[in-house]
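One structure below.
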Amino acid sequence: KAKANGRNGYFIYESTLEKLYKDKLTLKLDIERALESEEFVLHYQPQIDIKDGRIVGVETLIRWQHKKRGLIFPNDFIPLAEETGLISQIGEWVIKNACLQLKKWRDINIPIMKVSVNLSAHQFLKNDLAQIVEGVLAETGLAPVHLELEITESMTMEVNYAIKTIKELSDLGVKISIDDFGTGYSSLNYLKKFEIDYLKIDKSFVNDIETDKSDANMIHTIILMAQNLGLEVVAEGVENREQLKFLGNHGCDFVQGYYFSKPLTAEEFESEFYNLQKDFIEKVE
Ligand code: C2E
Ligand code: MG
Ligand code: MG
Ligand code: MG
């Protein structure tokens with residue numbers, strides 16, 4: 001099962017990456033080396049308020065700039081990192097560096113309200129998550145309201161554990177969103193018991209808005225349901241004006257996608273911020 005995941009001219013095949021590491025120990029050592037030699041980098045994708053085009057936040061997306069193998073995308077190494085157990089270390093590194101980055105941007109008056117970080121299942125299921133997050137916030141000096149954590153529906157299968165963990169995080173003051181919403185198991189009954197703030201509509205629904213009536217209906221239904229639950233809705237994978245218009249007309253709150261910007265390095269985001277902001281305001285008009 002070789003899944004192509006090529007972007008920017010790089011082609012990594014899941015099975016190839018797996019084969020490259022003859023055993024888990026080799027992979028583990030390589031990840032440890034990568035953490036030390038700072039081969040992991042964070043890219044940031046702007047999140048936009050659909051009403052006025054304002055950049056409200058950024059989503060943090062990790063990449064592995066491997067010395068020998070080139071750029072590796074998260075879908076190709078996060079699952080392997082989960083198997084080695086090193087995902088906790090990577091995950092903590094991501095939260096810490098994302099918080100430091102937003103703190104830095106806010107300190108130089110770049111007006112962004114939040115940074116969101118994807119959690120892995122392993123991180124969410126370890127019961128020291130809230131302490132770790134609390135520690136990182138204290139260490140970096142970022143106020144909790146500026147951090148958002150993204151979990152997926154499948155991580156909430158253990159409902160009572162999820163209710164408790166989400167509450168612990170929410171009590172710290174951080175925001176919680178359910179990522180890739182609509183693709184996984186989900187019980188409306190439990191959804192209202194989770195202290196969450198946002199639903200992120202999966203990009204597969206957004207992709208076919210114009211051609212697939214059932215995807216359009218699904219989006220409409222998710223937004224109505226979110227409104228009933230008092231949650232805000234983020235749509236991911238917005239690639240064109242038609243999709244943006246549909247989402248706007250149906251009450252979606254925030255958008256993210258290539259139509260606005262691909263994920264950028266910290267340097268690109270910082271130097272381009274005011275140009276991007278100007279461009280986005282025009283795009284939502
Ligand atoms: P996700 O959190 O659902 O992130 C959205 C993915 O869609 C990202 O892929 C992003 O680059 C891509 N994307 C953004 N806009 C568009 C668009 O308009 N069209 C299309 N086709 N794609 C778009 P990426 O960066 O390769 O990340 C893939 C997944 O890897 C993420 O999905 C997330 O689940 C995971 N991931 C990324 N960073 C981290 C991390 O730091 N920790 C963990 N545990 N997982 C991460
Ligand atoms: Mg995400
Ligand atoms: Mg997603
Ligand atoms: Mg995803």
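Only the coordinates and a few stated rules stand behind these numbers; no lab work does. Remember, predicted model here, so these are calculated numbers, not experimental data. Glycine gets a Cβ as well: all are built from the backbone with ideal geometry, and neighbour counts include every protein chain shown.
Data table
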quantity	calculated
Estimated vicinal HN-Hα couplings, Hz - segment 34-44 in sequence order (Karplus 6.51, -1.76, 1.60; Gly, Pro = x)	5, 5, 5, 8, 6, 8, 7, 10, 10, 10, 10
Residue order, fewest to most surrounding Cβ atoms within 10 angstrom, among 170, 261, 204	204, 170, 261
For segment 26-139, alpha-carbon Rg over 2.2 N^0.38 Å	1.14
Using alpha-carbon coordinates, inclination of helix 159-172 to the longest axis of the chain, degrees	80
Quarter of the Cα convex hull surface for the chain, i.e. its orientation-mean projected area (nm²)	15.2
Karplus-derived 3J(HN,Hα), 6.51/-1.76/1.60, for each residue of segment 266-273, Hz, glycine and proline x	4, 5, 4, 4, 5, 6, 9, 3
Note, ³J(HN,Hα) from phi for segment 112-119, Karplus 6.51, -1.76, 1.60, rounded to Hz, x at Gly and Pro	10, 8, 8, 10, 10, 10, 7, 9
Linear extension gain, residue 183 paired with residue 265, 0.36 nm per residue minus alpha-carbon span	26.7 nm
Hits among lysines - C-alpha to C-alpha of residue 103 under 27 Å, sequence gap 8 or more where chains match	51, 114, 126, 167, 175, 200, 262, 278
Net charge of neighbours whose Cβ lies under 9 Å from the Cβ of residue 163, counting Lys and Arg as +1 and Asp and Glu as -1	+2
16 Å Cα-Cα reach of residue 213 towards lysines, excluding residues that sit fewer than 8 places from it in its own chain	203, 245
Of all DSSP beta bridges in the chain, antiparallel share, percent nearest 5	45
